[in-house]
Amino acid sequence: MAQVPLQQEISHPHKRLQHLAGRYLLRFLFPEFPHELIEIASTKKPFLPDEAFHFSISHCGDYAAAIVSRSYRVGIDIEIPTLKVARVRHKFLHTEELSIMENENGVLPATESVFLRKLTLLWSAKEAVFKWYGNGEVDFSDQIRIQPPGNTLSIPGKGNMNGMFLKEQRLSLVLPFVNFKEICLVWVMTLPV
């Protein structure tokens, strides 16, 4: 709190720490980042009114991530792989994505941890695109399509996924990712449209 002031009242201690950690990272990346000017849109996306910086923040568990750019629209997401993502995969994966995942891995994969990691990467990629878009009302299954990572996925490791954003226009995206031991990190950045 000595480095970053709390801009809104957050009563839960862990949520407050996540909030502060995200804003601290903004200043870490760009020391001149004016975090005191951050506003929250009706879609819950934080933004700067003058758009001097494009930024995105994510937190999950004890982890936080941020991405900042002066020139590019950005989105970032960080997730801890859990079984919940496997239970709700039919809600965020398009039937083609689901088919690829199940054909590669089988419905009950032999290596559940790799299957779960791939699902988490897909969820995280779609969240990063949603944050990048920033205007809400996106159907994750139909309007964000991601090519699942191949069978060469390594943990820890990194790579890129290809994606398409299909709302208002058709836009190809490249989504870099990093698989850390306990978390998945995915981001996207494109020139503002």
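The values are calculated or read from the model by the stated rules, or taken from the named source; none is laboratory data. This structure is a prediction, so every number in the text was calculated from the model and none was measured. Note: ideal-geometry Cβ built from the backbone for every residue, glycine included; neighbour counts use all protein chains shown. Side chains are part of the model used for accessible areas, which takes the heavy atoms of the whole protein and leaves out ligands, DNA and RNA. Shrake-Rupley method; radii C 1.70, N 1.55, O 1.52, S 1.80 Å.
Working note: 222 nm ellipticity from helices only, DSSP H runs with n ≥ 4, each -39,500 (n - 2.57), summed and divided by the residues of the chain, gives -9500 deg cm²/dmol to the nearest 500. Charging the Cβ of each Asp and Glu at -1 and of each Lys and Arg at +1, and nothing else, the dipole of the range 52-102 about its Cα centre rounds to 180 debye. Residues considered: 174, 74, 129. Largest GNM mean-square fluctuation over the chain, using C-alpha springs under 10 Å, is found at 174. The order of the peptides 159-170, 16-27 by mean Cβ neighbours within 10 Å, most packed first, is 16-27, 159-170. Using a cutoff of 8 angstrom between alpha carbon atoms and counting only pairs six or more residues apart, the relative contact order for the chain works out to 19 percent. Note on the chain: dipole from Cβ charges, positive end direction compared against 18, 188, 41; the farthest Cα belongs to 18.
Accessible surface computed residue by residue for the chain, with neighbouring protein chains in place and a 1.4 Å probe, gives 55 Å² per residue. Which of the residue pairs 84/126; 44/158; 91/167; 15/167; 45/84; 118/167 have a Cα-Cα distance greater than 22 Å in the structure shown? In this structure, 44/158; 15/167; 45/84; 118/167 exceed 22 Å between Cα atoms.
Can you give the net charge of the other residues whose Cβ lies under 14 Å from the Cβ of residue 79, counting K and R as +1 and D and E as -1?
Local charge sum for residue 79: +3.
Using 1/(1 + (r/R0)^6) with R0 = 30 angstrom and r between the beta carbons of residue 72 and residue 142, what's the FRET efficiency to the nearest 0.05? Efficiency at R0 = 30 Å is approximately 0.75. Across the range 167-179, coupling constants 3J(HN,Hα) worked out from phi with the 6.51/-1.76/1.60 Karplus curve, θ = phi - 60°, read 10, 6, 7, 9, 10, 7, 10, 10, 10, x, 9, 10, 9 Hz, and Gly and Pro carry x. Converting phi to 3J(HN,Hα) with the Karplus coefficients 6.51, -1.76 and 1.60 and the offset θ = phi - 60°, the range 85-92 yields 5, 5, 5, 10, 4, 5, 7, 10 Hz in sequence order, with x at every glycine or proline. For the chain, the Cβ-based charge dipole about the Cα centre amounts to some 220 debye (Lys, Arg positive; Asp, Glu negative; other atoms uncharged).
Hey, got the dipole for the range 16-69? About the Cα centre, +1 on K and R Cβ, -1 on D and E Cβ, debye to the nearest 20? Kindly include the intermediate steps, with their values, before the conclusion.
Working: 5 positive and 6 negative charges, 46 e Å.
Roughly 220 debye, rounded to the nearest 20.
Mean-square fluctuations from a GNM of the chain, with a 10 angstrom spring cutoff on Cα atoms, peak among 130, 28, 115 at 28.
Return the carbon/sulfur percentage of the accessible area of the chain, one whole number, probe 1.4 Å, all protein chains in place.
Details: 5750 of 10530 Å².
Within the chain, the accessible surface is 55 percent carbon and sulfur.
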